[in-house]
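Some notes on the structure that comes next.
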Amino acid sequence: QGQLVQSGGGSVQPGDSLLLSCVASGFIFSAATMGWFRQVPGKDREFVATNGWVGSRYADSVTGRFTVSRDNIKNTAYLQMNNLKPDDSAVYYCAARTLSNLEDKPGAYEFWGQGTEVTVSS
């Protein structure tokens, strides 16, 4: 059974940066597609970015500011978030799917991290 454990997040000011990490176990990480989503109360979970061996894809709202990466030796995925804005405030989730194609729908992912809160406020 796959497991994802997240770390990072916190409270920052607009324009600051944060790095989220997601450590995976229980599946072949190097072959998996990793996704990042975020959710605010009362709204659906929103696609942020996805990364696999075929490449990466980003939501328009974060393109140019957020970068996904991974370390297949450490079984860890990362979401580097730069130039954060108040609208980026949310609970961020990492997710994994064992198929290689990139997906932006939460239902396409099999395993989920516990979530980590990001608050951007002056």
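The values are calculated or read from the model by the stated rules, or taken from the named source; none is laboratory data. Model, not experiment: these values are computed from the prediction. Counting neighbours? That spans all protein chains shown, and the Cβs are built from the backbone with ideal geometry, glycine included. When the accessible area is computed, the model is the full protein with side chains, heavy atoms only, and any ligands, DNA or RNA have been set aside. Shrake-Rupley method; radii C 1.70, N 1.55, O 1.52, S 1.80 Å.
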request  = Can you pull the one-decimal nm distance between simple spin-label points at Ser25 and Ile73, each 7 Å off the Cα toward Cβ?
outcome  = 2.1
query = If one computes the Cα centroid of the stretch 1-36 and of the stretch 61-112, what distance in Å separates the two points?
reply = 7
message = Rolling a 1.4 Å sphere over the protein heavy atoms, what is the accessible area per residue of the stretch 38-115, to the nearest Å²?
response = 53
request  = Sequence neighbours fewer than 8 away in the same chain don't count; with that in mind, list the lysines whose C-alpha is under 22 Å from Lys105.
outcome  = Lys43
request  = Determine ³J(HN,Hα), in whole Hz, for all residues of the stretch 48-56 in sequence, where each value follows from phi through the Karplus function 6.51 cos²θ - 1.76 cosθ + 1.60 and θ = phi - 60°; x replaces Gly and Pro.
outcome  = 10, 6, 9, 8, x, 5, 7, x, 9
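Over the chain, what relative contact order in percent results from Cα pairs under 8 Å that are six or more residues apart? Don't skip to the end; give the middle numbers.
Numbers: 308 pairs, mean separation 45.6, N = 122.
Worked out over the chain, it gives 37 percent.
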Normalised convex hull volume, the chain, alpha-carbon set, Å³ per residue = 91
ask   = Which far-off residues, 5 or more places away or on another chain, put their amide H under 5 Å from the one on Gly115, with H placed in the peptide plane?
value = Gln6, Cys94
ask   = Which ³J(HN,Hα) values, rounded to whole Hz and listed in residue order, are derived for the stretch 78-95 from phi using the Karplus coefficients 6.51, -1.76 and 1.60 in 6.51 cos²θ - 1.76 cosθ + 1.60 with θ = phi - 60°, glycine and proline given as x?
value = 10, 10, 8, 10, 10, 6, 5, 10, x, 5, 7, 5, 4, 8, 9, 10, 9, 8
query = With each label point set 7 Å from Cα along the Cα-Cβ vector, what nm distance links Asn82 and Lys105?
reply = 3.3
